[in-house]
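This report concerns only the one structure given below.
The values are calculated or read from the model by the stated rules, or taken from the named source; none is laboratory data. Treat the numbers as computed from the prediction; the structure is a model and nothing was measured. Using ideal geometry, Cβ is built from the backbone for each residue, glycine included, and neighbour counts are taken over all protein chains shown. Ligands, DNA and RNA are excluded from the accessible area calculation, which covers all protein heavy atoms including side chains. Shrake-Rupley method; radii C 1.70, N 1.55, O 1.52, S 1.80 Å.
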Amino acid sequence: AVVGTLLLCSVRSQDQVLREIRRILKPGGKYYFVEHVAAPSGTPLRTAQDLLSPLQRVVAGGCNLNRNTAVSIAAAFEDGDVTSYRYDVLPGEILFDNGFSLKSEGDGLGLLAPHISGEATAGRCVLTRCPAEAKV
């Protein structure tokens, strides 16, 4: 199994990381995840995420506020199964190593909302060995 928590927001290439996770999992292997994702397009929160993401990358270790991580995970595990749950508020406070903190007041408008959590199960094809026409 592979476990990733609040990881895919700050890597240079989500697709590359997910390909590697998918590559090392045996068929039936699990990838468990918790990630914050972009708010829906056209919402005030998404506009704020888009505007503030460049600053966020500088102050929070490369974190991108506006990535569509759920789509990337689903694409990496298209030959398997993905179960994810979306929620709009993460209660409590998040403390970063550099002293920066984010505290949720429970209003659902935090820049790091919404979140997804779930598991992805590897299918029978290993990405580097799966014929292009194979759909499992």
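Does residue 25 satisfy being under 30 Å from residue 124 (Cβ atoms), touching a residue at least 40 places away in the same chain (Cβ under 8 Å) and surrounded by 16 or more Cβ atoms within 10 Å (Cβ to Cβ)? Yes: the conditions hold for residue 25. Just one of the listed residues (78, 35) is among the acidic types (Asp, Glu), in contact with a helix residue (DSSP H, G or I) (Cβ under 6 Å, 6 or more places away or on another chain) and not in a helix (DSSP H, G or I), namely 35.
Residue 111 fulfils the conditions (1) in contact with a helix residue (DSSP H, G or I) (Cβ under 7 Å, 6 or more places away or on another chain); (2) at pLDDT 80 or above; (3) open to solvent by less than 70 Å² (accessible area, probe 1.4 Å) except for a single criterion, (2). Screening 65, 52 for residues that are under 30 Å from residue 122 (Cβ atoms) and either modelled with pLDDT of 90 or more or surrounded by 13 or more Cβ atoms within 10 Å (Cβ to Cβ) (or both) leaves exactly one candidate, 65. Across the range 28-47, the qualifying residues are those that are of a type in the set (A, V, I, L, M, F, W, C) and under 16 Å from residue 64 (Cα atoms), and the one among them that is most open to solvent (accessible area, probe 1.4 Å) is 34.
Looking only at the range 38-70, residues that are in contact with a Leu (Cβ under 8 Å, 6 or more places away or on another chain) and basic (Lys, Arg) come to 1 in all.
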